Amino acid sequence: MTTETARSDERTVSRRDALPARLGATVPIVGGIVFVTSYAAELGEAWRWPLTIAIVVLALIALYFLWVRPSSLGPMAPPPNASFAKEQARMGITHTVSVVAMIVGISLLSQLAEANGMGHLRPSIIAALVGLHFFPFAWAFRVRMIAGLAVVVSALGIIGVIVGIVAGAPWAAVFAVIAGFAQVTVVALWAAGKLWLNRG
């Protein structure tokens, strides 16, 4: 076997092993589109279609690098000394608990905001909790990009809540839209191999 053939085999294995990560990374792309299309109108009708077109184009770029022209996604932490079934169970439990906690948190905090006359904070509340729910995902799935995604999206959501409290509408929606673009951008850079989190 030649050196070039060996390298080709390594790339093939790397891409195959990264399939779950690619599948998982498709979800934040869809989520980013939802953020932008859901709240762009709150910025004014003039912003709605330009922002919608922009996020769709960015999402297509991300999907291109993720699936059509995939690059190395960087080193992934090896699984612990546990059976495959136990590893899958751990991931499943973490995923379920994180999603349920996120949904409950969004509901409770949105009700609290509404009760205090600050229902306009809901977009950034959602962004903050979506970002926070990525932290346990990063631990469970051992993909460093998810940790970066968690930091960026949760920070934008929290800032949006603070600015929304101080300055009022539509700033919470503004930061939710920014979080949507940031979410898709992080995945696109990671998929293209341009993110520092790809490197070991």
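The table below lists the values:
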item: Residue match in the range 110-120 (condition: modelled with pLDDT of 95 or more and under 17 Å from the mean Cα position of the chain (by Cα)); result: no
item: Candidate set: the range 154-196, residues that are β-branched (Val, Ile, Thr) and in contact (Cβ under 8 Å) with a residue 40 or more places away in the chain; chosen: the one nearest to GLY44 (Cα to Cα); result: VAL174
item: Test set (1) farther than 28 Å from GLY193 by Cα; (2) at pLDDT below 95 - PHE135 fails condition number; result: (1)
item: Count - residues of the range 134-160 that are small (Gly, Ala, Ser), more than 19 Å from ALA191 (Cα to Cα) and surrounded by fewer than 19 Cβ atoms within 10 Å (Cβ to Cβ); result: 2
item: Contacts under 6 angstrom Cβ, first residue in the range 79-106 being closer than 27 Å to ALA127 by Cα, partner modelled with pLDDT of 95 or more, 6 or more apart; result: MET102/LEU129; GLY105/LEU129; ILE106/ILE126; ILE106/LEU129
item: Residue among GLY74, GLY105 that is surrounded by 12 or more Cβ atoms within 10 Å (Cβ to Cβ), of a type outside the set (Phe, Trp, Tyr), at pLDDT below 85 and within 21 Å of the chain's Cα centre (by Cα); result: GLY74
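The values are calculated or read from the model by the stated rules, or taken from the named source; none is laboratory data. The structure presented is a predicted model; accordingly, all values stated were derived computationally and were not measured. Methodologically, a virtual Cβ is constructed for each residue, glycine included, from the backbone with ideal geometry; neighbour enumeration extends over all protein chains shown.
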